[in-house]
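A short write-up of the structure that comes next.
Every read-out reported here was derived from the displayed coordinates using simple, explicitly stated rules and does not represent laboratory data. Just so it is clear, the model here is predicted, and its values are computed rather than measured. With ideal geometry, Cβ positions are generated from the backbone for all residues, glycine too; neighbour counts draw on all protein chains shown.
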Amino acid sequence: MTDQPGTDAPTPADDPAAKQRSVSGFRRLALILIGSLGVVAAVAAGTAFALYRSATATVPEYEAALEIDPVTAEADRREFESQLTALASDAQSLPEWTSRVTARQINAWLAVRLERDFPGFKRAGLLSPRVVLREDEILVAARSVLTRVHGVLALTLRPMVTEDDELALQVASARLGALPLPLEALMAQLKETPLTEIGPIRLAQSSDTATIVLDLERLNTSQDLSVRLTGVDVRPGELLLRGESTGGE
């Protein structure tokens, strides 16, 4: 028997049903892909928003410390500078000495003098710094406007006396708002500030720690006198330094 013309089975390319199934499959794949991208974009947007909210979160202790009474600020600022002058004098003349300053005095000086006398802090993107003295630790915070995300840069510092009789402030934590800040980013911003212009201050960093170091011996103007820091105490609202001086007349 010979094949009858026109009885060949249709190929998939000529089959309308097959074409429809293929189009539906591609459409479904495209919808899945677009949907997946939408989910990823939504997650990314949510993460970015969460990070933004964390970075711009307020720091209540800092906000409270910002409130400076203009009536008493100048007197507190003068008292702070007087305490520093007395410390320098006592270290030159007494075998043992102590110095006490309060957070109120420090913040008055920061509010009245820092940005005026050391404008480099503002150029580095740090505004209105304040301190909060807690039990055994110091919170130092300032408004950070260096990046597009403005927030409060807050450092928790733990003071200690080094083997070389230096005052070391070890960074226990660093945050922008509520967002943890890598030490590398923190140190990079601090290096842009005029910290070393304020006094004999240097920054030290290892793989997992960062420290701000103040060498009191470099404040000593007498070559015949040796000045040692023997203790540092931080209590709520106040900072106490203890030291010894040997040599001299």
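Observations on the model:
- Protection proxy ranking, highest mean first, for peptides 202-211, 236-245: 236-245, 202-211, where packing is the per-residue count of other beta-carbon atoms within 10 Å, averaged.
- Ranked by how many other beta carbons lie within 10 Å on average, peptides 101-112, 116-127, 65-76 from highest: 101-112, 116-127, 65-76
- Per-residue extension of 0.36 nm, minus the Cα-Cα distance of A188 and S93, leaves a gain of 30.3 nm for this segment.
- D233-D69 FRET efficiency (beta carbon distance; Förster radius 30 Å; 0.05 resolution): 0.70
- Around V234: net Lys/Arg minus Asp/Glu count, Cβ-Cβ under 13 Å: 0
- Among 87-99, 166-178, the order from most to least packed when residues are scored by Cβ within 10 Å on average: 166-178, 87-99
- Those residues of the stretch 92-119 whose amide nitrogen sits under 19 Å from the label point placed on Q83, 7 Å along Cα→Cβ: 92, 97-115
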